[in-house]
Amino acid sequence: MQDRIMDVSKRRGIAYPSFEIYRGVSGFVDYGPIGSRIKQNIEDLLRRHYVIGEGCFEVQCPTLSPEEVWVASGHVDSFADLMVECNRCHECYRADKLLEEVGVEAEGKPAEEVDALLKERGITCPECKGGFGEPYEYNLMFQTTIGTGKGKRTGYLRPETAQSTYLGFRRLWEYARRKLPFGAIQIGHSFRNEISPRQGMIRLREFNQAEIQFFMDPDDKSAPRFGEVADRKVRITDKDDNVLEMTIGEACERGVIRIPFLAYQLGKALRVFEDMGLDPKRLQLRQHREDERAFYSSDTWDVEFASDSFGRIELVGIADRTDYDLGQHMKHSGEDMKVSLEGRKFIPHVMEVAYGIDRPFYCVLESCFREDDDRTYFSFPKKIAPYTVGVYSLVKKDGVPEKTEEVFGKVREAGFFTFIDHSGSIGKRYARADEIGVPYCITVDYETLEDDSVTVRDRDSKKQDRVLIGELIEYLR
Ligand SMILES: [Zn+2]
């Protein structure tokens, strides 16, 4: 499945490995002309849901920050994976991934325990069957320097957008006119120096995120709009690995999901993914186990997608980060992060909704990929499709191309993402449009010159309608 999707993806300008002419470096991806459009649409869909839908403020902060930020956040000390190195060929591996391949969950377990598990299972180097040295911690941040000479400082590329959003908390609090709750969304790049990533777009060293931080009163984590998601039925794996099937409302009532605001955000995320075109039957919720959860978080959940190629993939993480991050930055910077509200003074709690972009992007491709007897196409929802409509001339003579340009101009001026194509047989042009998931194709022919009507072809049904040019824009809308 992944091979067939990646084949179309490379051929049609969707996404492909970076640095190809230098033999490539794993963990990086280029979005091509079509992929960039799709990615933009995914980001815009998130903006519609959170900036418009939830009233969040959008911010954009630097991807590079001085060391102090990451000392305060705890990343310099503990943002690390356990790595093992082969004694014979010196290839390095993530210890928990090696164990995962034999069905042992080891993420977040201490080094001695992981070492014991590796030995107990007799796991050796996948490349050369050599033995491993002791597991050791490997920090995943890319380090660099800012400036030079006397003013030189250590800096890191951010491993998450969240911290840069927290740093501006005082400004945002004023902007929010000193009221809680409010949310701030940041969409942008983050970086993790992953140990030998081998999963295409699923594990990248430079990746795209959309992280939303909701700043809340610790005494009020309610969700006034809970009713909007309460009836959504979903499969849930809880922290003790029990698999349950119930509605979000029931999960909240029975205390499976303890915090109403967190439950609401989980239900909301499911809707967002369906809106993107992900197959609803393949989405599920998973609560982090006690030993896997960050120590400061009181509860963490993921929405996962069951991928044909990669198994269960985490698409968004939703965590109650309590007052930990603002508290840390208050301690390390000396800046007061407390707020005064109704006579109380406290550090706000943060509920984080952390979306990846690249993973949902891949899951959109996987969910929308269709192979019929005679064609391959992506059934992207219209708001995700790279272009809404292609405009074609049936023949290249007798005034038909000129008329086609005229129709193209109308569609373009109406604000649709559109392109014009005069070359190749009409069947080939439809096939090309299908392969990039364009929902509509307009064809101008001899009849158009007589009666001012065009053929509009629907991607999914292949049905063709005859539409008057004067009514075309309304039809497309
Ligand atoms: Zn080896």
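The values are calculated or read from the model by the stated rules, or taken from the named source; none is laboratory data. In this text, all values refer to a predicted model and were calculated from it rather than measured experimentally. Cβ atoms come from the backbone with ideal geometry, glycine included; neighbour counts cover every protein chain shown.
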Selection over the stretch 359-398 where residues are of a type in the set (D, E, K, R) and either touching a Pro at 6+ places or on another chain (Cβ under 7 Å) or not in a loop (DSSP other than H, G, I, E, B) (or both) yields a count of 5
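Got a number for residues in the stretch 307-339 being part of a strand (DSSP E or B), more than 15 Å from the chain's Cα centre (by Cα) and not acidic (Asp, Glu)? Show your work before the answer.
The first filter runs over the stretch 307-339 and keeps only residues part of a strand (DSSP E or B), leaving 307, 311-322, 339.
With more than 15 Å from the chain's Cα centre (by Cα) added as a condition, the list becomes 311, 319-322, 339.
Those left that are additionally not acidic (Asp, Glu): 311, 319, 321-322, 339.
Adding up the residues that qualify gives 5.
Sort out which residues of the stretch 120-136 are more than 16 Å from the ligand (Cβ to nearest atom) and either surrounded by fewer than 12 Cβ atoms within 10 Å (Cβ to Cβ) or part of a loop (DSSP other than H, G, I, E, B) (or both), and write them in order of number.
Taking the stretch 120-136 as the starting set, the residues that turn out to be more than 16 Å from the ligand (Cβ to nearest atom) are 120-121, 136.
Once the filter is applied, which keeps residues that are more than 16 Å from the ligand (Cβ to nearest atom) and either surrounded by fewer than 12 Cβ atoms within 10 Å (Cβ to Cβ) or part of a loop (DSSP other than H, G, I, E, B) (or both), the stretch 120-136 yields Glu120, Arg121.
Given Cys86, Cys56, which one is within 16 Å of the ligand (Cβ to nearest atom), in contact (Cβ under 8 Å) with a residue 12 or more places away in the chain and either surrounded by 15 or more Cβ atoms within 10 Å (Cβ to Cβ) or of a type in the set (D, E, K, R) (or both)? Talk me through it step by step, then tell me what you get.
Details: Cys56 fails: within 16 Å of the ligand (Cβ to nearest atom).
Criteria check complete, one pass: Cys86.
So which of Gly343, Gly427, Gly356, Gly415 ends up being farther than 22 Å from Asp465 by Cβ, loosely packed, with under 13 Cβ neighbours inside 10 Å and not acidic (Asp, Glu)? Explain how you work it out, then say what you get.
Values: Gly427 fails: farther than 22 Å from Asp465 by Cβ; Gly356 fails: loosely packed, with under 13 Cβ neighbours inside 10 Å; Gly415 fails: farther than 22 Å from Asp465 by Cβ.
From the options Gly343, Gly427, Gly356, Gly415, the qualifying one is Gly343.
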If you scan the stretch 59-77, which residues turn out to be surrounded by fewer than 18 Cβ atoms within 10 Å (Cβ to Cβ) and under 21 Å from the mean Cα position of the chain (by Cα)?
-> Gln60, Cys61, Pro62, Thr63, Leu64
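Report, by residue number, each residue of the stretch 89-111 that is among the aliphatic types (A, V, I, L, M) and more than 16 Å from the ligand (Cβ to nearest atom). Quick ask: steps written out before the conclusion?
Of the stretch 89-111, the ones among the aliphatic types (A, V, I, L, M) are 95, 98-99, 102, 104, 106, 111.
Hits for the stretch 89-111 are Leu99, Val102, Val104, Ala106, Ala111.
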Exactly one of Gln213, Gln186, Gln163 is buried (at least 21 other Cβ atoms within 10 Å of the Cβ) and either out of contact with any strand residue (DSSP E or B) (no Cβ under 6 Å at 6 or more places or on another chain) or part of a loop (DSSP other than H, G, I, E, B) (or both), and that residue is Gln163
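Scan the stretch 464-473 and give yes if some residue there is part of a strand (DSSP E or B), within 30 Å of Arg4 (Cβ to Cβ) and free of Cβ contacts under 8 Å to residues at least 40 places away in the same chain, otherwise no.
yes
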Would you mind stating whether Glu68 is at pLDDT 95 or above and either among the aliphatic types (A, V, I, L, M) or in a helix (DSSP H, G or I) (or both)?
-> yes
In the stretch 189-204, how many are buried (at least 18 other Cβ atoms within 10 Å of the Cβ) and either of a type in the set (D, E, K, R) or without any contact (Cβ under 8 Å) to a residue 12 or more places away in the chain (or both)?
-> 3
Criterion (within 19 Å of the chain's Cα centre (by Cα) and touching a residue at least 60 places away in the same chain (Cβ under 8 Å)) met by exactly one of Leu278, Leu266, Leu285, Leu270 | Leu278
Tally the residues that are more than 22 Å from Arg477 (Cβ to Cβ) and without any contact (Cβ under 8 Å) to a residue 24 or more places away in the chain, restricting the search to the stretch 406-429.
-> 5
Looking at (1) within 24 Å of Thr161 (Cβ to Cβ); (2) assigned to a strand (DSSP E or B), which is the one condition that is false for Phe273?
-> (2)
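Name every residue in the stretch 137-160 that is small (Gly, Ala, Ser) and buried (at least 17 other Cβ atoms within 10 Å of the Cβ), in order of residue number. Give the derivation first.
Pass one, the stretch 137-160, residues small (Gly, Ala, Ser): 147, 149, 151, 155.
Gly155 - this is the single residue of the stretch 137-160 that is small (Gly, Ala, Ser) and buried (at least 17 other Cβ atoms within 10 Å of the Cβ).
Here are Arg170, Arg198: which of them is more than 22 Å from Arg48 (Cα to Cα) and either away from the ligand (no atom under 16 Å from the Cβ) or not in a loop (DSSP other than H, G, I, E, B) (or both)? Write out each step before concluding.
On the way: Arg198 fails: either away from the ligand (no atom under 16 Å from the Cβ) or not in a loop (DSSP other than H, G, I, E, B) (or both).
Within the list Arg170, Arg198, the selection yields Arg170.
Go over the candidates Gly409, Gly427 one by one and state the one that is among the small types (Gly, Ala, Ser), farther than 29 Å from Glu43 by Cβ and in a helix (DSSP H, G or I).
Gly427
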